[in-house]
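Please read the structure below before turning to the comments.
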Amino acid sequence: MRTIKGAAIAVLALLAGLSAANGQTRQETASPPVAKPVGVAPSAAPAPVASTAPALTKADVDLWLDGYMPYALRTGDIPGAVVTVVKDGQILTTRGFGYADRDKRTPVDPYKTLFRPGSISKLFTWTAVMQQVEAGKIDLDADVNTYLDFKIPARNGKPITTRQLMTHTAGFEEVVKELIFYDTPEPELGAYLKGHVPKRIFDPGVTPAYSNYGTALAGYIVERVSGEKFNDYLDRHVIGPLKMANTTFRQPLPAKLKGTDATGYDKPGKPSKGFEIVGPAPAGAASSTGADMGRFMIAHLQGGELDGQRILSAETARLMHDSPTSKVNPRSLIGPLDRMELGFFQTSINGRTVIGHLGDTEGFHSSLHLYLNDGVGLYLSLNSGGREGAAGVLRTAIFRDFSDRYLPYAGGPDGRVDAKTAAEHAKAMAGAWAVSRRADSTFLSLFYMLGDAKVTVGPKGELVVPSVLGPNGRPKAWVEIAPFVWREVGGHDRLAAQVVDGKPVRWSWDFGSPFMVFDRPDPAKNTAWVTPALIASVAVVLLTFLYWPLVALVRRRYKASPDISGKALTASRAARAGAGLLLALVVAWAVGVTTLTSSPAAMAGGMDGVMLALQGLGWIVLPLALAAAGWNLWLTWTDGRGWARKLWSLVLVLAMLVLFYVALVFHLLAFSVHY
């Protein structure tokens, strides 16, 4: 990652950590029509597939996995994996594949090897929250400040509720500082939350925007209302009753579990960085075996009960898995697409009601899916991202292929919008769109803007979304099956838009719709003009600076004297010197952010001094460079020089104004290391 754009990609890649789905770019989360869960309109279905589905038995699943997983791990350069399938209240099979430790060649033991499920940990936290709702200690629709010993500021007079935390609609901007780090003690939960309060960039309940901070806040609320430390609470009320003896949220691992954990590798072929410490622990700190995760899935599939132990009442579990849409703002839902339940998100496929979660740390990538009406659960965890995002592709593919093999669709075909209307709708969707899961008030906002989604129209009038890629690394092909609803050609995913007065104002697709959406950007921050203006401005500054040594070489070669002198020469040299300083500042920012986003130690505060220095230098370099360019502009236009020089002096001032504008609007001058 050597460019500004690369820095943006690095930021987005890091944010995949602890993400519900924000793992690799090359993923296709299969999420076709839901089986009429509460609040979701029945959707059009993919074409029926003639199927002689094999019975879902241990023998058949083991045979299928034996042919599937070893090849997938080898080709994806992933050391190891664990897969667990549950059915009808029993663990049907739990299998280890490959190596828990690549260098020691330690095999994965599904009963003893601990993997890090990342954001799937949130399901434990949400289960704890619902226990306290059931106990009457938490009101889902009360202001969360009721339960806190510090204050979350209101936005437009509107507080946050626990329900909004559980549905990722609290409106928090993204916080990535101290998300994951190594060799440093886990921060105390209350202190972490008080020191990292994010700005609220959306009104509550309106916009899905995934938030690790929001989940950690919910964990702290459990701690406050129960009177027990969060880890102790989980041990006593969730992990203990389910007899998950090889599961913990404690960081580092307690003595009895040390040495049983799989080694996570953030990059293929590179050494492990060690045991990951998750700052917002309730959002992603779990370590667990495949067998233990099977017990957790069974408990939820059975309405909160396992082996006579109940962690939730059947009514509370039902509310968690199938929450009423009457309690959520319609603006947060997009047509027939999957939505958030209370903590779980819908991943429905093949006409079956499925809920689940994904999870990513730097070294582990996982998925969990519960087929509620079929009594089936599927869990996968991998101990590396693999080559070119192979882990993201694999966890999506195994969910889709497992579903198609054992729980196939047998309904009718999709509808189809006529070609003329489809082309008009695609044209209406074209342009730049800003993702809701982003930073707005920190210097990282610039790099999110550079990564904003673009929608275009193909040569046949078809919808093209270059950032939504299939497993082959190419943009997915879409066909419109209902007004402003598209189906992936040959796949499961749907993409849909909210339409107001005939115009699309928001869209997402099944992979992201529960927890992130795309809206038209603020005109002041629209990548459609900011990005080309920024590139052009940097080019102008670069050419201005390079012109100086080139002209000096030519003059030396031909022993020529400058054609200007006195103040004019001084102003010209000052403008070029200012251009050089600006270029150095741009390069320093690119290097700084790339280094920041690729180093957990830096993201834990190790580069705070550097980032503050860059912001301070901006306040020195930008005004001086602009003043020098302005002086040069004045003299150039008043001393009778040619139109070419006059025009370039004006272009240079405009370029520097653009750079100053970008630095101000995207908080590169904010003197803040809250990000």
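The values are calculated or read from the model by the stated rules, or taken from the named source; none is laboratory data. Everything numeric in this text was worked out from a predicted model, so none of it was measured. Positions of Cβ are backbone-derived with ideal geometry, glycine not excepted, and every protein chain shown enters the neighbour counts. Protein only, heavy atoms only, side chains kept; ligands, DNA and RNA dropped before computing areas. Shrake-Rupley method; radii C 1.70, N 1.55, O 1.52, S 1.80 Å.
Taking the stated definitions as given, is V206 open to solvent by 30 Å² or more (accessible area, probe 1.4 Å), in a loop (DSSP other than H, G, I, E, B) and in contact with a Pro (Cβ under 9 Å, 6 or more places away or on another chain)? Lay out the reasoning, then the answer.
Values: open to solvent by 30 Å² or more (accessible area, probe 1.4 Å): yes; in a loop (DSSP other than H, G, I, E, B): yes; in contact with a Pro (Cβ under 9 Å, 6 or more places away or on another chain): no.
Considered against the rule, which asks whether it is open to solvent by 30 Å² or more (accessible area, probe 1.4 Å), in a loop (DSSP other than H, G, I, E, B) and in contact with a Pro (Cβ under 9 Å, 6 or more places away or on another chain), V206 comes out as no.
Residue by residue, here is whether (1) out of contact with any strand residue (DSSP E or B) (no Cβ under 6 Å at 6 or more places or on another chain); (2) of a type in the set (D, E, K, R); (3) part of a helix (DSSP H, G or I) holds:
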residue	(1), (2), (3)
V222	yes, no, yes
N231	yes, no, yes
V238	yes, no, yes
A245	yes, no, no
Q251	no, no, no
K270	yes, yes, no
F275	yes, no, no
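Restricting attention to region 174-186, the residues that are assigned to a loop (DSSP other than H, G, I, E, B) and either open to solvent by less than 10 Å² (accessible area, probe 1.4 Å) or touching a Leu at 6+ places or on another chain (Cβ under 9 Å) (or both) add up to 3.
Scanning region 547-573 for residues that are at pLDDT 90 or above and open to solvent by less than 30 Å² (accessible area, probe 1.4 Å) yields A568, A571, S572. Just to be sure, is G363 in contact with a Gly (Cβ under 9 Å, 6 or more places away or on another chain), assigned to a strand (DSSP E or B), in contact (Cβ under 8 Å) with a residue 24 or more places away in the chain and not hydroxyl-bearing (S, T, Y)? Answer is no for this residue. Could you grab the pairs with beta carbons closer than 7 Å, sequence gap of 6+ or different chains, first residue in region 663-675 and on the phi < 0 side of the Ramachandran plot and touching a residue at least 60 places away in the same chain (Cβ under 8 Å), second one buried (at least 16 other Cβ atoms within 10 Å of the Cβ) and among the aliphatic types (A, V, I, L, M)? What qualifies is F666/L446; F666/M449; L668/L446; V673/M611; Y675/V176; Y675/A439; Y675/L444.
Scanning region 527-575 for residues being part of a helix (DSSP H, G or I), polar (S, T, N, Q) and closer than 22 Å to G630 by Cα gives a total of 4.
Determine whether region 290-311 contains at least one residue that is over 17 Å from M130 (Cβ atoms), of a type in the set (S, T, N, Q) and either assigned to a strand (DSSP E or B) or open to solvent by 10 Å² or more (accessible area, probe 1.4 Å) (or both). No, the conditions are met nowhere in region 290-311. Tallying residues that are open to solvent by less than 20 Å² (accessible area, probe 1.4 Å), farther than 19 Å from G269 by Cα, assigned to a helix (DSSP H, G or I) and not basic (K, R) within region 371-410 yields 7. Got at least one residue in region 393-414 being of a type in the set (D, E) and touching a Phe, Trp or Tyr at 6+ places or on another chain (Cβ under 8 Å)? Yes, there is a match, as at least one residue in region 393-414 is of a type in the set (D, E) and touching a Phe, Trp or Tyr at 6+ places or on another chain (Cβ under 8 Å).
Can you tell me which of V464, V417, V468, V455 is modelled with pLDDT under 95 and among the β-branched types (V, I, T)?
None of the others qualify; the one that does is V468.
The conditions of being open to solvent by less than 10 Å² (accessible area, probe 1.4 Å) and in contact with a helix residue (DSSP H, G or I) (Cβ under 9 Å, 6 or more places away or on another chain) are met by L368. What about D338, is it under 23 Å from P324 (Cβ atoms), among the acidic types (D, E) and buried (at least 22 other Cβ atoms within 10 Å of the Cβ)? Yes. Within the option set F399, F344, being closer than 24 Å to I78 by Cα and hydrophobic (A, V, I, L, M, F, W, C) holds for one residue only, F399. May I ask you to list the residues in region 124-165 that are buried (at least 17 other Cβ atoms within 10 Å of the Cβ) and of a type in the set (A, V, I, L, M)? If the condition is that a residue be buried (at least 17 other Cβ atoms within 10 Å of the Cβ) and of a type in the set (A, V, I, L, M), then A128, V129, M130, V133, I138, L140, V144, I152, I160, L165 are the ones that fit.
Table: residues versus (1) closer than 22 Å to D404 by Cα; (2) modelled with pLDDT under 95; (3) more than 30 Å from the chain's Cα centre (by Cα).
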| site | (1), (2), (3) |
| --- | --- |
| D62 | yes, no, yes |
| L65 | yes, no, no |
| T75 | no, no, no |
| P79 | no, no, no |
| T84 | yes, no, no |
| K87 | yes, no, yes |
| Q90 | yes, no, yes |
| D101 | no, no, no |
| F124 | no, no, no |
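List the strands (runs of 3 or more DSSP E) inside region 411-517, counting only whole elements, that have at least 2 residues being surrounded by fewer than 22 Cβ atoms within 10 Å (Cβ to Cβ).
Values: elements: 431-435, 453-457, 478-482, 485-488, 494-500, 503-509.
So the answer is 431-435, 453-457, 478-482, 494-500, 503-509.
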